[in-house]
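> Sharing a structure below in structure tokens format, with a few things to ask.
The values are calculated or read from the model by the stated rules, or taken from the named source; none is laboratory data. Keep in mind it's a predicted model, so treat the numbers as computed, not measured. Because the Cβ atoms are built from the backbone with ideal geometry, glycine has one as well, and the counts that use them run over all protein chains shown.
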Amino acid sequence: MNNDKRTLKLNIKGIVQGVGFRPFIYNLAIKNKLVGWVRNSSAGVDIEVSGSKNILDSFIISIKNDAPPLSKIDLIKEDWLEHKYFDSFKIVFSEDDPNAFIPISPDISICEDCLDELFDKDDKRYRYPFINCTNCGPRFTIIESIPYDRPKTTMSTFNLCQYCKDEYTDPTNRRFHAQPVACPECGPQVSFVIDKEIVSEGENALQQAREYIRSGKIVSVKGIGGYHLACDAFDEIAVSNLRERKHRIDKAFAVMSLSADKVKEYGKLGIEEEEYLTSRERPIVILDQREDTTLASSISPGQNTVGVMLPYTPLHYLLLEEEDDFPSAIVMTSGNYSEEPIDIDNDAAFDHLGPIADAFLINDRDIYIRCDDSVVQPYNTGKNRAIRVIRRSRGYAPNPINLQWDLPPILAVGPELKNTFCLTRDKYAFVSHHLGNLENYETLSSFESTIEQYERLFRIKPEIITHDLHPDYLSTRYAQDRASAENIELVGIQHHHAHIASCMAENNLPSDSKVLGFSFDGTGYGTDGNIWGGEVLLASYSDYERIGHIRPFSLPGGEKAIREPWRIAVSLLVESGVDNSKIAQILDSIPESDVEFVLSQLDSDVNCPKTTSLGRLFDGISAILGVSRHVNYEGQAAIEFEELAFCDEFRGKNKYLDYGNIYDYTKFVNNFIHFPSFGKSKPLISYAFHDSLAQWVSSHAITNESTKSIALSGGVWQNRLLTKLTLSLLSKHDINVFNQNEIPTNDGGISLGQAVAAYHKIK
Ligand code: ZN
Ligand code: ZN
Ligand code: FE
């Protein structure tokens with residue numbers, strides 16, 4: 001009988017720390033009457049366990065099948081050893097190996113068990129806003145260093161009371177080694193602050209915050225990854241006030257409701273949307289609003305959609321608690337001014353957000369890493385519905401992307417807008433959470449310190465740095481400065497190639513793949529010095545050939561044309577051979593002298609950079625139609641233009657059928673401006689324009705002989721109509737279409753593309 005006894009040694013890699021993995025192993029071993037030990041190591045979890053062979057076999061199977069919900073096993077290494085004698089099963093503690101590293105769990109929304117306790121009058125943590133356990137709560141945003149242990153988190157300043165300590169040390173308890181464990185007696189507390197003075201605490205603070213929101217005021221609420229600004233989402237005056245104070249003119253605000261049922265009162269919720277809305281990552285889901293919506297119209301001006309999320313912290317559940325006169329949706333937008341980093345520090349927030357918020361609901365648990373809410377967008381593939389992540393942040397980051405290659409340590413610094421960076425190590429690509437636009441000092445310093453944090457947490461020392469080709473991006477300068485200071489190899493990757501490489505990596509395409517990539521976006525530095533953005537690239541991971549693009553046009557006034565798309569309209573009309581007098585007539589809402597100025601600017605070619613940007617073409621066409629001649633954020637015209645086509649029945653009859661390598665919009669423009677009353681046919685024209693682009697893509701894809709693999713990437717693919725039309729056309733042919741869903745198709749995905757492209761270039 002004893003001959004059958006063996007000892008099994010296991011090394012488990014993946015997200016296995018801070019997620020209740022050791023107690024799971026402990027309980028599994030006890031249940032199976034196995035003896036030995038389990039411990040966290042810097043590289044994962046190590047186990048040695050003795051017992052009979054068949055029980056050990058089923059032990060491994062149970063580990064794979066029943067692992068705790070937040071864990072993610074990437075690898076189990078098994079070694080069978082000579083039988084060792086142990087007298088019991090123990091959880092043991094170990095030294096840190098300075099070279100090893102493990103992935104860290106993202107912050108996860110409150111679990112069902114904790115939620116039940118939160119509203120259980122008899123529970124010690126009844127109505128305690130920081131209740132959590134190994135299956136839920138903050139992780140990434142409170143970790144200063146690894147291995148993940150309480151002293152290395154921002155919870156280190158709170159000493160556990162006896163009650164919490166008993167749970168923390170009991171392997172059968174769901175709070176065993178839950179590092180952020182806390183209770184009303186020993187943990188963080190909320191306070192309500194007016195004019196930098198604490199006016200109430202605990203339950204009173206909470207009720208005062210609710211009272212403020214109810215009465216139309218703006219409250220800044222400290223959450224898991226930073227501050228939010230909250231107000232009644234049905235109160236037009238409150239929402240407009242918030243807009244004005246935040247200097248955010250048109251860009252949509254997200255809202256939060258207590259449950260999916262509440263969301264259904266104003267948003268259209270399909271199965272896919274509901275699944276994401278209620279997922280433990282709790283992203284903002286972009287929904288179509290119901291026709292009878294009563295949300296304040298200034299929540300998303302000019303759009304039929306609204307970004308919605310459900311509560312993800314106990315504090316949110318208490319803040320949104322149901323009551324007859326409490327709004328069933330509140331605005332929850334990031335606590336920052338437009339395009340600056342979200343505030344995380346109490347004192348800084350008082351100074352910074354003081355002019356916006358009437359009061360603050362703060363707490364004394366520090367946030368170590370700021371992290372915005374994630375955003376996902378449902379879309380239609382022509383066959384079914386799908387969801388793509390368009391801002392990958394809280395709940396998703398820093399989960400690594402698993403790659404098929406063993407990569408050297410590479411730092412990819414990403415682009416300028418919607419920046420993320422990416423660090424690689426082994427088979428992992430750590431794409432950072434969303435950092436925003438690197439256009440000001442605040443975001444740049446947040447970018448630099450976040451790179452430091454990731455390098456420390458994942459113990460990565462870059463041997464290669466890769467960057468965008470744009471010489472003036474702050475990220476490019478950072479890459480160059482650092483590479484020369486630390487003598488690191490530097491690799492430049494063209495922006496649109498990075499988009500396609502990102503799509504290839506997300507879809508796990510092998511190293512020798514060749515794809516026809518449609519890299520459609522707003523702006524990227526082209527190798528000819530022009531601004532690219534409507535590019536057809538025959539691409540591999542390491543290289544590309546530009547085989548098609550949008551017919552070039554001028555951007556009169558450069559950057560100014562982005563905010564004033566009517567300037568692009570003038571340029572497109574000139575390019576299309578339309579008379580000057582007719583141009584002024586079409587753009588009748590623009591003062592004639594302004595139009596004349598731009599005409600002369602184009603004539604003398606002063607400050608008129610050339611572009612093939614599809615994003616800008618959308619802006620220009622939209623402005624010709626009079627949809628958005630002035631905009632307040634990049635991409636606004638395109639969004640409003642797309643929404644327009646959704647308003648009408650899709651019955652476009654496209655006359656533009658000459659699809660060469662160059663998409664020649666002048667034919668399209670000439671078609672519609674000679675339409676007798678084109679001003680009245682805007683939805684039709686918008687639809688036809690989307691359709692013509694889809695046709696162009698599919699004609700390229702069908703006629704190309706070197707590959708049957710198509711990759712779609714770039715921010716323009718967030719246009720749901722273009723995506724749907726293109727995918728339906730392509731689905732009629734024997735073509736493999738690759739899309740981005742897990743990694744943003746916009747510039748948030750660039751850093752991953754840079755990393756994998758640089759790796760293949762130097763290989
Ligand atoms: Zn929990
Ligand atoms: Zn306690
Ligand atoms: Fe881009």
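For (1) farther than 30 Å from TYR663 by Cα; (2) within 16 Å of ligand 2 (Cβ to nearest atom); (3) of a type in the set (Val, Ile, Thr); (4) assigned by TED's automatic domain parsing to the domain that holds ARG563, each residue gets a yes or a no:
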site: SER446; (1), (2), (3), (4): yes, no, no, no
site: GLN453; (1), (2), (3), (4): yes, no, no, no
site: HIS467; (1), (2), (3), (4): no, no, no, no
site: ARG477; (1), (2), (3), (4): yes, no, no, no
site: ILE488; (1), (2), (3), (4): yes, no, yes, no
site: THR523; (1), (2), (3), (4): no, no, yes, yes
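> Hey, another quick one. Would it be correct to say that ALA501 is more than 12 Å from ligand 3 (Cβ to nearest atom), assigned to a helix (DSSP H, G or I) and buried (at least 19 other Cβ atoms within 10 Å of the Cβ)?
Yes, satisfied.
> Which members of the stretch 375-401 meet the condition of being closer than 22 Å to GLU452 by Cα and of a type outside the set (A, V, I, L, M, F, W, C)?
ARG391, ARG392, SER393, ARG394, GLY395, TYR396, PRO398, ASN399, PRO400, listed by residue number.
> Go through (1) part of a loop (DSSP other than H, G, I, E, B); (2) within 15 Å of ligand 1 (Cβ to nearest atom) for LYS121 and report which single condition fails.
(2)
> Separate question: Could you list all residues from the stretch 141-166 that are within 29 Å of PHE458 (Cα to Cα) and within 16 Å of ligand 1 (Cβ to nearest atom)?
Of everything in the stretch 141-166, those that are within 29 Å of PHE458 (Cα to Cα) and within 16 Å of ligand 1 (Cβ to nearest atom) turn out to be ILE142, MET155.
> Please verify whether ARG127 is touching a Cys at 6+ places or on another chain (Cβ under 8 Å), of a type outside the set (A, V, I, L, M), assigned to a loop (DSSP other than H, G, I, E, B) and within 16 Å of ligand 2 (Cβ to nearest atom), treating the condition exactly as stated.
So ARG127 fails the test.
> Looking at ILE249, ILE198, ILE224, which is the one that is away from ligand 2 (no atom under 16 Å from the Cβ), within 24 Å of the chain's Cα centre (by Cα), within 24 Å of PHE158 (Cβ to Cβ) and among the hydrophobic types (A, V, I, L, M, F, W, C)?
Matching residue, one of ILE249, ILE198, ILE224: ILE224.
> Mind checking which residues of the stretch 278-309 are assigned to a loop (DSSP other than H, G, I, E, B) and not polar (S, T, N, Q)?
Result: ARG280, GLU281, ARG282, PRO283, ARG290, GLU291, ASP292, LEU295, ALA296, PRO301, GLY302.
> Does the stretch 138-159 hold any residues that are within 16 Å of ligand 2 (Cβ to nearest atom), touching a helix residue (DSSP H, G or I) at 6+ places or on another chain (Cβ under 8 Å) and in contact (Cβ under 8 Å) with a residue 24 or more places away in the chain, and which are they?
Across the stretch 138-159, the qualifying residues are THR153, MET155.
> How many residues, within the stretch 619-641, are more than 29 Å from the chain's Cα centre (by Cα) and at positive phi?
1
> Residues to consider are GLU112, GLU48, GLU82; find the one that is closer than 29 Å to TYR227 by Cβ and among the acidic types (Asp, Glu).
GLU112
> So which residues in the stretch 189-248 are aliphatic (A, V, I, L, M) and in a strand (DSSP E or B)?
VAL190, VAL193, ILE194, ILE198, VAL199, VAL219, VAL221, LEU229, ALA230
> Within the stretch 507-533, track down each residue that is under 13 Å from LEU712 (Cα atoms) and within 15 Å of ligand 3 (Cβ to nearest atom).
Once the filter is applied, which keeps residues that are under 13 Å from LEU712 (Cα atoms) and within 15 Å of ligand 3 (Cβ to nearest atom), the stretch 507-533 yields GLY517, PHE518, SER519, PHE520, ASP521, GLY533.
> Give the stretch 160-195 a look and list any residue that's over 12 Å from PRO129 (Cβ atoms), β-branched (Val, Ile, Thr) and more than 12 Å from ligand 2 (Cβ to nearest atom), or say none.
Within the stretch 160-195, THR169, THR172, VAL193, ILE194 qualify.
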